[in-house]
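Undergrad: Okay, here's the structure, questions in a sec.
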Amino acid sequence: MINSSFECENGKISIRSARKEPHDSLKKLQIEGLSEDDVKRAEDKVQKLTDEFSSKIDVLFEKKEADIMNVYFTTFALQKRATDA
């Protein structure tokens with residue numbers, strides 16, 4: 001489960017890193033004349049997508065964690081039953 005948590009965090013870091021490129025591009029466009037309001041709207045959209053995909057990673061991690069725990073407890077119960085018999 002620790003590995004899953006590590007991979008989950010790496011995914012989130014990748015998403016946040018991917019946000020940097022459009023952010024930098026928007027800043028350049030603002031220097032070239034794009035309005036501050038347009039830049040802000042675009043940055044908000046990028047942030048919304050970042051949050052959305054980060055949330056999807058959380059949901060996938062929670063499902064994976066539940067699957068792992070289910071397998072663990074099922075295996076534990078089977079082993080206990082085998083030793084009690």
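The values are calculated or read from the model by the stated rules, or taken from the named source; none is laboratory data. Here the structure is a predicted model, which means the values were calculated and not measured. Neighbour counts are summed over all protein chains in view; Cβ atoms, including those assigned to glycine, are modelled from backbone coordinates with ideal geometry.
Undergrad: When you check Asn70 against the structure, is it within 22 Å of the chain's Cα centre (by Cα), surrounded by fewer than 12 Cβ atoms within 10 Å (Cβ to Cβ), polar (S, T, N, Q) and modelled with pLDDT under 95, yes or no?
TA: no
Undergrad: Quick one: count up the residues across region 26-50 that are surrounded by 12 or more Cβ atoms within 10 Å (Cβ to Cβ) and among the hydroxyl-bearing types (Ser, Thr, Tyr).
TA: Residues that pass the stated criteria total 1.
Undergrad: Turning to a different aspect of this structure: Between Ser4, Ser54, Ser14, which is in contact with a Lys or Arg (Cβ under 8 Å, 6 or more places away or on another chain), surrounded by 10 or more Cβ atoms within 10 Å (Cβ to Cβ), modelled with pLDDT of 90 or more and of a type outside the set (A, V, I, L, M)?
TA: Ser54
Undergrad: Kindly indicate whether Ala82 is out of contact with any helix residue (DSSP H, G or I) (no Cβ under 9 Å at 6 or more places or on another chain), assigned to a helix (DSSP H, G or I), without any contact (Cβ under 8 Å) to a residue 60 or more places away in the chain and loosely packed, with under 10 Cβ neighbours inside 10 Å.
TA: Criteria met by Ala82.
Undergrad: Could you tell me which of the residues Glu21, Glu52, Glu65, Glu43 is assigned to a helix (DSSP H, G or I), out of contact with any strand residue (DSSP E or B) (no Cβ under 7 Å at 6 or more places or on another chain) and over 26 Å from Phe6 (Cβ atoms)?
TA: The match here is Glu43.
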